[in-house]
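**Q** Sending over a structure as structure tokens; questions will come in a sec.
The values are calculated or read from the model by the stated rules, or taken from the named source; none is laboratory data. Just so it is clear, the structure is predicted and the values come from calculations on it, not from any experiment. Methodologically, a virtual Cβ is constructed for each residue, glycine included, from the backbone with ideal geometry; neighbour enumeration extends over all protein chains shown. Surface areas here come from the heavy atoms of the whole protein model, side chains and all, with no ligands, DNA or RNA. Shrake-Rupley method; radii C 1.70, N 1.55, O 1.52, S 1.80 Å.
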Amino acid sequence: MSTQKYAIGVDYGTQSGRAVLVDLSNGHEIADHVTPYPHGVIDEKLPVSGIELGHDWALQHPDDYLEVLRRSVPAVLQASGIAAEDVIGLGIDFTACTMLPVDESGTPLCFLPEWRDNPHGWVKLWKHHAAQDEADRLNAIAAERGEKFLPRYGGKISSEWMVAKVWQILNEAPEVYEATDLFTEATDWVVSQLTGQFVRNSCTAGYKSIWHKREGYPSREFFKALDPRLENLTATKLRGDIKPLGSKAGELTAKMAELTGLKAGTAITVGNVDAHAAVPAVGVVDEGKLVMAMGTSICHMVLGKEEVEVEGMCGVVEDGIIEGYMGYEAGQSAVGDIFEWFVEEAVPAYVKEAAEKDGVGVHQWLTERAAHYKPGETGLVALDWWNGNRSVLVDTNLTGVVVGYTLLTKPEEMYRTLLEATAFGTRTIIDAFHNNGVPVHEVYACGGLPQKNALLMQIYADVTNREIKVADSKQTPAVGAAMFGAVAAGAAKGGYDSVVDAAKAMARVREETFKPIPENVAVYERLYAEYRTLHDYFGRGANNIMKRLKALKKEAAR
Ligand SMILES: Nc1ncnc2c1ncn2[C@@H]1O[C@H](COP(=O)(O)OP(=O)(O)O)[C@@H](O)[C@H]1O
Ligand SMILES: O=C(CO)[C@@H](O)[C@@H](O)COP(=O)(O)O
């Protein structure tokens with residue numbers, strides 16, 4: 001056994017899961033391994049039965065999560081050559097609210113033949129948006145009752161979150177609701193598979209299940225007002241101990257030790273959310289610094305001392321990110337996903353052929369050409385609502401808009417416009433925090449996008465007029481998860497006693513930063529004003545055309 005100690009972080013993203021083995025003395029990533037989910041995002045048909053899913057559905061297969069443990073954990077152990085006894089802790093982070101129904105033995109209902117062909121027996125992925133009716137009703141009832149929790153969630157509970165999703169199950173498949181012993185976040189379920197015991201984590205409970213450190217869940221009366229059948233939800237199907245981030249959920253079972261190659265008894269920390277785990281991994285453990293986890297979507301995280309109200313934020317949770325601070329979260333529900341839509345669905349054949357001929361990906365081909373344009377030169381501006389608007393409008397029924405097309409518009413101009421639109425979405429969020437008592441002085445970026453697209457990052461620096469520091473890590477959330485794993489192991493075992501200590505030793509950002517270019521900032525101020533006009537016009541009820549179009553579409557599909 002060496003004195004040098006390590007931890008493993010496993011990051012469960014939207015398309016894949018990845019394990020990273022991290023040196024606890026300096027945060028260096030010794031080995032990483034990605035397992036694409038065999039079933040990916042299930043949004044058209046159920047596996048096996050081929051049963052068609054409704055509009056706005058997004059499911060996953062829980063065995064895909066175990067597959068990541070089966071493949072990626074042994075792979076990082078093997079690649080690193082580190083002895084299993086020197087890996088003292090493991091932490092996971094996940095997309096959220098990604099939830100599933102399980103029976104008394106903790107088995108996902110979709111594993112059981114009697115529920116396999118019912119879409120409600122499966123994991124509902126964070127971006128499952130088919131519980132909007134329930135979310136709308138929940139928000140109306142909470143507002144009418146003057147529920148104190150509502151302002152903590154920016155005035156609206158999202159259809160992506162636990163209660164809306166549970167209520168959808170109850171409404172559409174009461175038999176599945178009945179057969180469910182627990183509704184659990186996927187992050188808590190995977191931890192329970194590792195340790196053999198079920199504990200919830202305070203982060204997802206706080207941000208996604210309306211739980212409060214001092215006040216607990218909303219009252220039974222509130223749930224009864226939603227639906228009498230939900231009156232006892234929190235004491236029954238949402239029951240379970242809720243432990244703070246970094247605490248030990250349990251130890252690795254012998255069965256899981258065999259499956260992963262780790263030692264039985266390795267400390268396993270409670271589950272965490274991907275974006276939240278990334279915050280200490282870039283060294284942010286105090287106020288004024290906003291962290292963007294940039295991938296298919298963006299989560300924006302910032303710490304504060306006071307609890308204040310910010311329009312449309314996803315939530316403020318005490319100790320929700322770092323102990324001793326109010327953790328604020330906001331987000332954009334599609335960013336990389338919009339660029340991917342463009343590349344997959346809207347690019348002419350000549351672009352794909354040219355990219356192939358040049359031996360580069362379509363994103364890169366478009367980006368190289370888009371970089372030749374100055375801000376404003378495309379004559380275009382867009383609203384980034386391809387997957388609704390998470391912050392600050394909190395409305396999944398909003399859709400995308402591009403203004404300014406002409407017969408001369410080029411694909412690279414459209415691509416640049418989409419990059420800019422997402423930057424304007426982020427600017428709206430930063431302004432909402434900064435102008436309402438949660439100052440944002442510095443911006444940090446992590447996730448896949450900062451590594452993939454420097455033009456995008458420069459646009460973000462120019463649009464937000466803030467310098468952006470980028471994580472010096474390919475897998476920031478996983479490194480954060482490993483840090484929490486090291487905290488669960490504790491300093492006596494070679495880990496850390498707090499995540500602040502872990503961050504001091506292990507967090508890293510690159511030296512090179514993206515600095516705002518004054519002449520770009522000036523033009524983007526003007527373009528941003530145009531964006532805000534469109535944003536308020538289409539997003540705040542002056543013209544509900546997006547909703548009318550969606551309603552027509554639904555009617556036509558019937
Ligand atoms: N060169 C690029 N420029 C901009 N976006 C890109 C580029 N290459 C891939 N993407 C986008 O990156 C997203 C994936 O980001 P990543 O951080 O790897 O995933 P995840 O959010 O699942 O963790 C996809 O939505 C894809 O469209
Ligand atoms: O909503 C949250 C966190 O609160 C994320 O899990 C969700 O946006 C998915 O993130 P990714 O785009 O997969 O990184």
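**Q** Taking residue 543 and the conditions (1) open to solvent by 40 Å² or more (accessible area, probe 1.4 Å); (2) free of Cβ contacts under 8 Å to residues at least 24 places away in the same chain, which numbered condition does it fall short on, given that it satisfies the others?
**A** (1)
**Q** From the list 76, 87, exactly one residue is of a type outside the set (Lys, Arg) and touching a Phe, Trp or Tyr at 6+ places or on another chain (Cβ under 9 Å). Which is it?
**A** Criteria check complete, one pass: 87.
**Q** Moving on to the next point. Would segment 301-315 turn up any residue that is within 12 Å of ligand 1 (Cβ to nearest atom) and either among the small types (Gly, Ala, Ser) or surrounded by 19 or more Cβ atoms within 10 Å (Cβ to Cβ) (or both)?
**A** Within segment 301-315 (the criterion being within 12 Å of ligand 1 (Cβ to nearest atom) and either among the small types (Gly, Ala, Ser) or surrounded by 19 or more Cβ atoms within 10 Å (Cβ to Cβ) (or both)), the answer is no, since none of the residues qualifies.
**Q** Across segment 84-108, what is the number of residues that are away from ligand 2 (no atom under 16 Å from the Cβ), touching a residue at least 24 places away in the same chain (Cβ under 8 Å) and not β-branched (Val, Ile, Thr)?
**A** Looking only at that region, the number is 10.
**Q** Under 9 Å between Cβ atoms, at least 6 apart or on separate chains: pull out the pairs that start in segment 135-159 with a residue that is assigned to a helix (DSSP H, G or I) and end on any residue that is open to solvent by 50 Å² or more (accessible area, probe 1.4 Å) and at pLDDT 95 or above.
**A** Filtered contacts from segment 135-159: 150/143.
**Q** Just one of 511, 530 is farther than 19 Å from residue 380 by Cβ, not aliphatic (A, V, I, L, M) and not in a loop (DSSP other than H, G, I, E, B); which is it?
**A** 511
**Q** Hey, another quick one. Got at least one residue in segment 72-83 being touching a residue at least 40 places away in the same chain (Cβ under 8 Å), within 30 Å of residue 2 (Cα to Cα), within 16 Å of ligand 1 (Cβ to nearest atom) and assigned to a helix (DSSP H, G or I)?
**A** yes
Here is a yes/no grid of residues against (1) more than 15 Å from ligand 2 (Cβ to nearest atom); (2) free of Cβ contacts under 8 Å to residues at least 24 places away in the same chain:
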| position | (1), (2) |
| --- | --- |
| 8 | yes, no |
| 13 | no, no |
| 36 | no, yes |
| 39 | yes, no |
| 44 | yes, yes |
| 56 | yes, no |
| 60 | no, no |
